[in-house]
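Below you'll find the structure, written out as structure tokens, and then a few comments.
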Amino acid sequence: MKVRKAVIPAAGLGTRMLPATKTIPKEMLPLVDKPVIQYVIEEAVASGIEDILIVTNRAKSAMDDYFDYHPELEERLLRDNKTKEAELVRMSADLANIFYVRQKETKGLGHAIWRAKRFVGDEPFAVLLGDDIMMAKTPVTKQIIDAAEKHGASAVGVQTVPDEHISKYSSVKVSPLEERVYRVSDMNEKPTPAEKFSNYAILGRYVLTPDIFDILENTPPGYGGEIQLTDGLKTLCKQSPMVAVDFEGRRYDTGNLKGFMEAIIDYALASDEIGPWLKQFIVDKARQF
Ligand code: G1P
């Protein structure tokens with residue numbers, strides 16, 4: 001089992017980041033000096049992925065423009081001896097083979113993934129949610145792929161979250177398999193603390209087998225009246241092996257303002273270019289409080 005393809009669902013309406021996301025896709029908001037989705041694509045590429053499908057909608061063409069060449073801009077930059085900038089502009093277009101499909105109707109994450117059926121064909125594939133950003137030594141998608149390949153199973157990336165946050169996620173029922181890896185036997189989407197299976201929540205990274213497509217086709221709308229990927233995974237984990245990987249790394253939900261601000265600060269602090277300046281700025285600011 002070799003995972004070569006990835007699907008990035010990025011067709012949400014971005015209603016938690018308004019008004020900025022009225023005309024700018026939330027995946028295109030700048031995280032320091034790159035749009036959020038570029039981090040997701042770089043993680044996929046660093047995990048061995050060659051072909052990437054982005055599931056978009058009609059308001060998101062800024063994404064396909066970004067991953068295309070921009071001859072006029074590149075020519076101008078080269079003429080002005082701005083070689084570094086020209087390279088950066090070109091690099092984003094050459095990161096991977098990127099394909100697009102539109103979701104057409106906003107019917108939920110499960111429906112968005114189902115739109116990838118023709119692209120995926122008959123091989124296992126990774127899913128990276130377009131607004132979940134991971135800061136990790138080993139790319140989180142690689143950690144999930146390694147476990148999936150080792151166990152011949154589908155796999156989900158999990159971390160523990162406190163009771164008061166579990167209802168934002170899907171909670172999985174797990175039994176230990178090896179260090180940081182668990183067997184998954186059930187799950188539910190956005191449970192109350194009383195309904196949760198455990199405090200292990202799925203956080204935006206998956207490796208799935210193509211069996212998921214037939215399952216999603218027959219999955220009725222669930223939480224929020226939408227076709228939920230979690231409901232499809234619940235069926236998948238009962239018919240074939242699935243593991244949960246308690247991955248190493250820090251996850252940021254850039255789809256809400258607080259998560260986005262945390263990501264901006266941490267990524268800026270980690271940057272050689274502006275990290276030292278920002279650290280000093282924060283120290284000076286803190287003295288004023
Ligand atoms: C989605 C999934 C949920 C998952 C979460 C974090 O929820 O439906 O199962 O736990 O992402 O990755 P959303 O954040 O879109 O509400």
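When 105, 85 are screened for being outside any loop (DSSP other than H, G, I, E, B), farther than 23 Å from residue 254 by Cβ and either hydroxyl-bearing (Ser, Thr, Tyr) or in contact with a helix residue (DSSP H, G or I) (Cβ under 9 Å, 6 or more places away or on another chain) (or both), only 85 passes.
The sole residue among 258, 285, 234, 279 that is basic (Lys, Arg), without any contact (Cβ under 8 Å) to a residue 40 or more places away in the chain and within 16 Å of the ligand (Cβ to nearest atom) is 258.
Note on the stretch 208-231: residues that are over 14 Å from residue 115 (Cα atoms), touching a helix residue (DSSP H, G or I) at 6+ places or on another chain (Cβ under 9 Å) and within 11 Å of the ligand (Cβ to nearest atom) total 5. Being in contact with a strand residue (DSSP E or B) (Cβ under 7 Å, 6 or more places away or on another chain) and over 23 Å from residue 202 (Cβ atoms) holds for only one residue in 155, 62, 96, 126, and it is 96. The set of residues in the stretch 1-52 being part of a loop (DSSP other than H, G, I, E, B) and surrounded by 15 or more Cβ atoms within 10 Å (Cβ to Cβ) consists of 3, 10, 11, 12, 14, 24, 25, 29, 32, 47, 48, 49. Do we have any residue at all in the stretch 121-143 that's acidic (Asp, Glu), away from the ligand (no atom under 16 Å from the Cβ), within 18 Å of residue 4 (Cα to Cα) and not in a helix (DSSP H, G or I)? Taking every residue of the stretch 121-143 in turn, at least one turns out to be acidic (Asp, Glu), away from the ligand (no atom under 16 Å from the Cβ), within 18 Å of residue 4 (Cα to Cα) and not in a helix (DSSP H, G or I). Listed by first and then second residue, the pairs with beta-carbon distance under 7 Å, at least 6 apart or on different chains, first residue in the stretch 106-132 and more than 19 Å from residue 219 (Cα to Cα) and charged (D, E, K, R), second within 16 Å of the ligand (Cβ to nearest atom) and assigned to a loop (DSSP other than H, G, I, E, B), are 131/254; 131/255.
Please verify whether the stretch 241-258 includes one or more residues that are more than 15 Å from the chain's Cα centre (by Cα) and among the small types (Gly, Ala, Ser). Within the stretch 241-258, one or more residues are more than 15 Å from the chain's Cα centre (by Cα) and among the small types (Gly, Ala, Ser). Examine the stretch 184-199 for a residue that is touching a Gly at 6+ places or on another chain (Cβ under 9 Å), within 14 Å of the ligand (Cβ to nearest atom) and assigned to a loop (DSSP other than H, G, I, E, B), and state whether such a residue exists. The answer is yes; a qualifying residue exists.
Bear in mind these aren't lab numbers, they're just calculated from the coordinates by the rules spelled out. It should be emphasised that the depicted structure is a prediction, and the values quoted were computed from it without experimental measurement. FYI the Cβ positions are ideal-geometry reconstructions off the backbone, even for glycines, and counts take in every protein chain you see.
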